[in-house]
């Protein structure tokens with residue numbers, strides 16, 4: 001094969017890659033590409049319902065990826081040009097502030113709040129009724145690790161109020177808030193510190209609201225990410241979530257205390 005032929009074949013190959021890249025980029029940014037949402041496990045129930053409603057109304061697919069708040073923050077920070085994230089929805093707005101400080105957030109909308117409660121194991125065999133009962137010998141309390149918002153906020157609050165040291169020897173570390181709740185459900189723990197909006201998904205189990213947890217509040221906010229390949233569509237879904245007649249209805253139905261509604 002002559003040098004001229006080799007050069008021509010090489011040029012055609014490069015051209016093919018360029019055209020393929022342009023086609024892939026168009027496919028990635030077009031209406032057929034799903035909106036990718038990284039979200040905390042705590043908001044799974046209302047977010048899945050809102051995404052189904054949005055897809056039915058607008059025909060735009062929504063892909064939900066769940067995890068602990070800190071873990072999903074890490075993932076949205078690892079920008080992948082071929083698979084950019086569009087929205088970030090952690091269990092507390094402190095993670096949105098961290099993302100904003102890192103230049104990841106274009107804008108954000110407040111949605112709802114959650115409060116920490118104690119979800120007791122079925123049957124409550126240990127007779128748990130108040131905070132001092134958690135400190136008895138043999139009691140195990142599931143608390144999400146600090147990668148989850150409820151785990152971090154609970155630890156920080158109890159440490160600040162001088163209660164963490166006494167509880168810590170009785171703590172069973174779990175991953176997400178759902179895993180903590182499931183530990184109580186199956187009896188692997190006698191109680192679990194979870195969000196009130198998570199506890200409602202475990203009917204038949206006693207829920208305690210000790211004043212010692214009153215300061216643990218998750219403020220849920222959805223952020224449109226600067227890396228989004230279709231920021232207008234991402235913002236449209238964020239506003240849908242913040243609409244009291246649409247997305248916020250699913251949060252209210254799921255036991256969240258909702259905000260005042262969508263911004264202008």
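Readers should treat all values here as calculations from the given coordinates under stated rules, not as data from a laboratory. Note that the structure is a prediction, hence the values are computed from the model and not measured. Note that each Cβ is placed from the backbone with ideal geometry, even for glycine, and that neighbours are counted across all protein chains shown.
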Task: Sequence-separation-based contact order of the chain, relative, with Cα cut under 8 Å and 6+ spacing, percent - done: 27
Task: Angle between the chain longest axis and helix 149-160 axis [Cα atoms, degrees, rounded to 10] - done: 40
Task: FRET efficiency, 1/(1 + (r/R0)^6) with R0 22 Å, evaluated for residue 226 and residue 32 via beta carbons - done: 0.45
- [ ] Subtract the Cα-Cα distance of residue 49 and residue 101 from 0.36 nm times their separation in residues, and report this length gain in nm to one decimal.
- [x] 15.7 nm
TODO: List the pair-distance distribution P(r) of the chain, using every Cα-Cα distance, as the percent of pairs falling in each 5 Å bin from 0 up to the bin containing the longest distance, rounded to whole percents.
DONE: 1, 6, 12, 15, 15, 12, 10, 8, 6, 4, 3, 2, 2, 1, 1, 1, 0, 0
Open item on the list: Tell me the angle of helix 3-29 to the major Cα principal axis of the chain, expressed in degrees between 0 and 90 and rounded to the nearest ten.
Closed with: 40
Task: For the chain, calculated [θ]222 nm from helices alone, where every DSSP H run of n ≥ 4 adds -39500 (n - 2.57) - done: -12000 deg cm²/dmol
TODO: Provide the percentage of antiparallel DSSP beta bridges, counting only those with both residues in the chain; round to the nearest 5.
DONE: 55
TODO: May I ask you to derive the FRET efficiency for residue 253 and residue 79 from their Cβ-Cβ distance with R0 = 35 Å, giving the value to the nearest 0.05?
DONE: 0.55
